[in-house]
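Q: Before anything else, here's the structure in question.
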Amino acid sequence: MSDKKCSFVDEVISQIKSREAKKFVSSELVYHLNEAKKDYVKQGYSEEDAEEKAVKQMGNPISLGQQFNKLHRPGVDWYLVALLVTVMGLGFLPIFVLYLGDSPLGYMDIRHVSFIKSFSVLAGMAVVVGLMFVDYRKLKNLGWLFYAAGICLIFIFQSTGIPVNGVPYLMLGPFTASNMIVIPFFFLAWATFFRNERLKIWMLAPLFAVSLFLLLRLSNLPVVGIYLIMVMAMLWGSHFTRKKAAIFTGTVFSIFTIFALVVWNTTRIEQKDRILGFLYPENYPKGAGFIYLRIKESMSGAGWFGKSEAISYIPNTLTDLVFVGLTERLGWLFAIALVFVLSLLIVRMVFMMVKVRDPFGRILIIGGISLYTVQLAVNVGMTIGLFPIIGVSMPFISYGTMPVLFNSIIFGIILSVYRRKDLVSAKSV
């Protein structure tokens with residue numbers, strides 16, 4: 001870079017406070033100065049004169065730098081942050097509302113439970129803030145690393161996991177991790193794959209098949225379902241044509257349907273009873289249908305303002321069935337308000353996605369929206385009878401450290417994308 005051009009760029013970026021914005025503006029200025037210089041050279045000017053005219057064309061460097069400082073300042077979506085703080089705060093409600101009389105916590109000390117919840121929330125906030133300040137663009141070329149990490153983690157679950165009802169869990173000190181924690185690695189991996197236009201869909205199909213097969217071996221169908229929906233959502237938000245996305249999606253779900261039918265025909269009778277208990281609980285009142293009848297009884301008797309005491313005993317009202325416990329105690333009015341607040345996070349993420357121009361950032365937000373929405377929809381659906389009880393937590397409300405950290409990773413990455421939405425070069429869009 002010549003002294004004249006270098007001096008101009010340095011004077012412009014001296015007015016910019018953000019380090020990231022300085023790098024971005026500097027590269028953009030150099031690019032546009034070079035393009036303008038080429039145009040003047042084509043018009044017959046000498047190299048030196050062309051560069052001088054290109055610099056002069058840019059205008060006053062001081063005022064230009066001040067404009068760039070306002071335009072490219074990294075931002076925080078405070079609406080999303082406020083919503084996150086609100087829902088994390090609401091996550092304390094189940095502990096105090098449900099810890100009455102014959103508490104579902106039973107033997108557990110409320111101080112211990114409150115400490116774990118407080119730790120989960122603080123750790124979740126730290127993850128959100130930490131990831132927000134990480135430049136997500138540095139992850140673009142790490143897709144294979146994330147994919148390999150996800151595969152390795154599956155093997156760790158298979159080899160060292162402690163089985164609970166046939167599903168392996170990892171013990172991480174005082175915390176228990178389900179194989180749901182492999183999803184963030186695949187989330188980042190597929191975002192990088194789908195933004196790479198050199199990767200054709202036939203190249204990605206084997207990667208998807210291998211990861212899906214290994215996840216199926218973990219015997220955790222909710223994780224498999226969430227993974228399927230996440231990948232399909234990101235595929236539809238990628239550069240692939242609608243036709244290719246439709247063919248791939250249709251093929252995957254056709255194969256999955258055939259697989260489900262084969263599994264159903266080879267499933268043991270007691271396992272089939274669990275599904276039939278969900279579909280026809282009245283026919284299995286003392287078996288698999290018992291819990292569904294109790295949930296129906298609790299929800300129908302809750303009323304608009306809830307009951308001071310539990311109508312019938314429901315297990316797991318701090319975790320998977322937290323929405324049942326809160327609705328029963330606080331009523332349908334509160335339940336509707338809670339779902340509304342949690343849904344506002346989805347609305348806000350969609351709004352943020354629309355404002356992001358970077359294809360990689362958009363795919364990350366689409367994946368994050370799908371992961372969060374599936375959890376919320378399935379958890380509420382379990383409560384109102386749309387889905388069987390399959391062990392999916394209500395985001396940020398259910399008790400547990402790992403679910404909070406899982407969703408904090410998603411929102412931290414989304415805030416990182418939004419923070420840099422004005423630092424995307426037009427050349428890369």
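Q: Go through the stretch 357-386 residue by residue and tally those that are assigned to a loop (DSSP other than H, G, I, E, B) and without any contact (Cβ under 8 Å) to a residue 12 or more places away in the chain. Spell out the reasoning first.
A: First, the residues of the stretch 357-386 that are assigned to a loop (DSSP other than H, G, I, E, B): 357-358, 384-386.
Still in the running and without any contact (Cβ under 8 Å) to a residue 12 or more places away in the chain: 386.
Qualifying residue count for the region: 1.
Q: Of everything in the stretch 175-215 that's in contact (Cβ under 8 Å) with a residue 24 or more places away in the chain and not in a helix (DSSP H, G or I), which residue is surrounded by the most Cβ atoms within 10 Å (Cβ to Cβ)? Give the derivation first.
A: The initial filter retains those residues of the stretch 175-215 that are in contact (Cβ under 8 Å) with a residue 24 or more places away in the chain, namely 175-197, 201, 205, 207-208, 210-211, 214-215.
Then keep just the ones that are not in a helix (DSSP H, G or I); that gives 175-178, 196-197.
Working: PHE175: 14, THR176: 14, ALA177: 18, SER178: 23, ASN196: 18, GLU197: 10.
Looking at residues that are in contact (Cβ under 8 Å) with a residue 24 or more places away in the chain and not in a helix (DSSP H, G or I), I get SER178.
Q: Would you confirm whether or not the stretch 160-173 contains a residue that is hydroxyl-bearing (Ser, Thr, Tyr) and under 30 Å from MET353 (Cα atoms)? Spell out how you get there, then give the answer.
A: So in the stretch 160-173, the residues hydroxyl-bearing (Ser, Thr, Tyr) come out as 160, 169.
When the remaining residues are screened for being under 30 Å from MET353 (Cα atoms), the result is none.
No, every residue in the stretch 160-173 fails to be hydroxyl-bearing (Ser, Thr, Tyr) and under 30 Å from MET353 (Cα atoms).
Q: Restricting attention to the stretch 341-355, does a residue exist that is assigned to a loop (DSSP other than H, G, I, E, B), surrounded by fewer than 18 Cβ atoms within 10 Å (Cβ to Cβ) and of a type in the set (Gly, Ala, Ser)? Before the answer, list the steps.
A: If we filter the stretch 341-355 for residues that are assigned to a loop (DSSP other than H, G, I, E, B), which is where we start, we get none.
The answer is no, given that none of the residues of the stretch 341-355 is assigned to a loop (DSSP other than H, G, I, E, B), surrounded by fewer than 18 Cβ atoms within 10 Å (Cβ to Cβ) and of a type in the set (Gly, Ala, Ser).
Q: For LYS243, which of the numbered conditions (1) at pLDDT below 90; (2) surrounded by fewer than 16 Cβ atoms within 10 Å (Cβ to Cβ) fails to hold?
A: (1)
Q: Something else about it: Name the one entry in MET230, MET234 that is within 24 Å of VAL263 (Cα to Cα), within 16 Å of the chain's Cα centre (by Cα) and crowded, with 17+ Cβ neighbours inside 10 Å. Don't jump to the end; show me each part of the working.
A: Numbers: MET234 fails: within 24 Å of VAL263 (Cα to Cα).
Just a single option satisfies the conditions, and that option is MET230.
Q: Quick check: anything in the stretch 289-299 among the hydrophobic types (A, V, I, L, M, F, W, C), out of contact with any helix residue (DSSP H, G or I) (no Cβ under 7 Å at 6 or more places or on another chain) and either assigned to a helix (DSSP H, G or I) or assigned by TED's automatic domain parsing to the domain that holds ILE390 (or both)? Before the answer, list the steps.
A: Restricting attention to the stretch 289-299, the residues satisfying the condition of being among the hydrophobic types (A, V, I, L, M, F, W, C) are 290-291, 293, 295, 299.
Still in the list and also out of contact with any helix residue (DSSP H, G or I) (no Cβ under 7 Å at 6 or more places or on another chain): 290-291.
Of the ones still in play, those that are also either assigned to a helix (DSSP H, G or I) or assigned by TED's automatic domain parsing to the domain that holds ILE390 (or both) are 290-291.
Yes, because at least one residue in the stretch 289-299 is among the hydrophobic types (A, V, I, L, M, F, W, C), out of contact with any helix residue (DSSP H, G or I) (no Cβ under 7 Å at 6 or more places or on another chain) and either assigned to a helix (DSSP H, G or I) or assigned by TED's automatic domain parsing to the domain that holds ILE390 (or both).
Q: Where the second residue is assigned to a loop (DSSP other than H, G, I, E, B) and modelled with pLDDT of 80 or more and the first is under 14 Å from MET132 (Cα atoms) and lies in the stretch 57-83, which pairs have Cβ atoms under 7 Å and are six or more apart or on separate chains?
A: Going by the 7 Å Cβ cut-off, the qualifying pairs are PRO74/ARG420.
Q: Run ASN69 past the list (1) farther than 30 Å from PHE411 by Cα; (2) modelled with pLDDT under 80; (3) surrounded by 15 or more Cβ atoms within 10 Å (Cβ to Cβ) and report the number of the one that doesn't hold.
A: Going through (1) farther than 30 Å from PHE411 by Cα; (2) modelled with pLDDT under 80; (3) surrounded by 15 or more Cβ atoms within 10 Å (Cβ to Cβ) one by one, ASN69 breaks only (1).
Q: Filter the stretch 112-146 down to residues that are of a type in the set (Ser, Thr, Tyr) and in contact with a helix residue (DSSP H, G or I) (Cβ under 7 Å, 6 or more places away or on another chain) and give me whichever is farthest from TRP190 (Cα to Cα).
A: Taking the stretch 112-146 as the starting set, the residues that turn out to be of a type in the set (Ser, Thr, Tyr) are 114, 118, 120, 136.
Next, only the ones that are in contact with a helix residue (DSSP H, G or I) (Cβ under 7 Å, 6 or more places away or on another chain) stay: 114, 120, 136.
Working: SER114: 36, SER120: 27, TYR136: 14 Å.
Per the stated criteria, the residue is SER114.
Q: Please enumerate the residues belonging to the stretch 233-248 that are assigned to a helix (DSSP H, G or I) and farther than 17 Å from MET203 by Cβ.
A: The first filter runs over the stretch 233-248 and keeps only residues assigned to a helix (DSSP H, G or I), leaving 233-236, 242-248.
Passing the criteria: ALA233, TRP236, ARG242, LYS243, ALA246.
Q: Can you go through ALA310, ALA302 and tell me which one is modelled with pLDDT under 80 and assigned to a loop (DSSP other than H, G, I, E, B)? Spell out how you get there, then give the answer.
A: Numbers: ALA302 fails: modelled with pLDDT under 80.
Exactly one residue qualifies, and that residue is ALA310.
The values are calculated or read from the model by the stated rules, or taken from the named source; none is laboratory data. Bear in mind the structure is a predicted one, so any value in this text is a computation, not a measurement. Quick reminder, even Gly has a Cβ in these numbers, built from the backbone with ideal geometry, and neighbours come from all protein chains shown.
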